[in-house]
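Heads up, the thing below is written out as structure tokens.
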Amino acid sequence: MFTNGVFDILHHGHVACLEAARSLGDALVVGVNTDRSARILDKGLGRPVVPEDARYRVVAALGAVDRVVPFDEATPRELISALRPDILVKGGDYRPEDVVGADIVASYGGHVHITEFVPDGGTSTILERLHGAS
């Protein structure tokens, strides 16, 4: 299995997605955006909040994760092509047709799995709450 993300401020939505992904097979590889790559996504001013090395370490420490692979591009397409996962997993805020790399995985018989949506589980929501509290 493969999934990816910035994992800026690790939260219960991330953990739920990673645990669900890991339950689908024998090994979970997680692509994590570098700081440069995360800034390309324009998640907001000052993002990512947590530096890349710390994000890699935190994600790698989770029991559901077997390997963390940083990627520096705007999307993980090249990484997905190189790894050829059987299952490409994304969180419940995605639709299968919008998942980057879904076409690559489908081309060799793999498939996309969307995990259950976790409400109030996003980093942006957490940061909005923090800024509203000040």
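Is there any pair with a first residue in the range 26-39 that is closer than 18 Å to VAL15 by Cβ and a second that is open to solvent by less than 10 Å² (accessible area, probe 1.4 Å) and among the basic types (Lys, Arg) whose Cβ atoms are under 6 Å apart and which are 6 or more apart or on different chains, and what are they?
Between residues of the range 26-39 that are closer than 18 Å to VAL15 by Cβ and residues that are open to solvent by less than 10 Å² (accessible area, probe 1.4 Å) and among the basic types (Lys, Arg), the close pairs are VAL32/ARG55.
Given (1) closer than 17 Å to THR3 by Cβ; (2) in contact (Cβ under 8 Å) with a residue 60 or more places away in the chain, where does GLY44 come up short, assuming only one miss?
Every condition holds for GLY44 apart from (1).
Hey, any hits in the range 49-59 for a residue that's closer than 23 Å to HIS113 by Cα, open to solvent by less than 30 Å² (accessible area, probe 1.4 Å) and under 14 Å from the mean Cα position of the chain (by Cα)?
yes
Residues of the range 38-81 being at pLDDT below 95 and of a type outside the set (A, V, I, L, M, F, W, C), which ones?
ARG39, ASP42, LYS43, GLY44, GLY46, ARG47, PRO48 - these are the residues of the range 38-81 that are at pLDDT below 95 and of a type outside the set (A, V, I, L, M, F, W, C).
VAL105 passes all but one of (1) at pLDDT 95 or above; (2) open to solvent by 30 Å² or more (accessible area, probe 1.4 Å); (3) within 17 Å of ALA21 (Cβ to Cβ); which number fails?
Result: VAL105 fails condition (2) only.
Yes or no: the range 29-37 includes at least one residue that is under 11 Å from the mean Cα position of the chain (by Cα), under 26 Å from GLU128 (Cβ atoms) and β-branched (Val, Ile, Thr).
There is at least one residue in the range 29-37 that is under 11 Å from the mean Cα position of the chain (by Cα), under 26 Å from GLU128 (Cβ atoms) and β-branched (Val, Ile, Thr).
Tell me whether the range 34-43 contains one or more residues that are outside any helix (DSSP H, G or I) and open to solvent by 80 Å² or more (accessible area, probe 1.4 Å).
Taking every residue of the range 34-43 in turn, at least one turns out to be outside any helix (DSSP H, G or I) and open to solvent by 80 Å² or more (accessible area, probe 1.4 Å).
So which of ILE9, ILE80 is assigned to a loop (DSSP other than H, G, I, E, B) and surrounded by 14 or more Cβ atoms within 10 Å (Cβ to Cβ)?
Values: ILE80 fails: assigned to a loop (DSSP other than H, G, I, E, B).
Going through ILE9, ILE80 in turn, just one is assigned to a loop (DSSP other than H, G, I, E, B) and surrounded by 14 or more Cβ atoms within 10 Å (Cβ to Cβ): ILE9.
Please go through (1) outside any helix (DSSP H, G or I); (2) touching a strand residue (DSSP E or B) at 6+ places or on another chain (Cβ under 9 Å) for ARG55 and return the number of the only condition it doesn't satisfy.
Result: ARG55 passes all but (1).
Which number in (1) in contact with a helix residue (DSSP H, G or I) (Cβ under 9 Å, 6 or more places away or on another chain); (2) outside any helix (DSSP H, G or I); (3) open to solvent by less than 70 Å² (accessible area, probe 1.4 Å) marks the one condition that LEU24 misses?
(1)
From the list GLY31, GLY46, GLY63, exactly one residue is out of contact with any Lys or Arg (no Cβ under 9 Å at 6 or more places or on another chain) and part of a loop (DSSP other than H, G, I, E, B). Which is it? Before you say what the answer is, go through the steps one by one.
Values: GLY31 fails: part of a loop (DSSP other than H, G, I, E, B); GLY63 fails: out of contact with any Lys or Arg (no Cβ under 9 Å at 6 or more places or on another chain).
The unique qualifying residue is GLY46.
The values are calculated or read from the model by the stated rules, or taken from the named source; none is laboratory data. The model shown is predicted, which means the values in this text are computed figures rather than measured ones. When we count neighbours, we look across all protein chains shown, and the Cβ atoms used for this are built from the backbone with ideal geometry, even at glycine. Note: accessible area is taken over every heavy atom of the protein model, side chains too, but ligands, DNA and RNA are not part of it. Shrake-Rupley method; radii C 1.70, N 1.55, O 1.52, S 1.80 Å.
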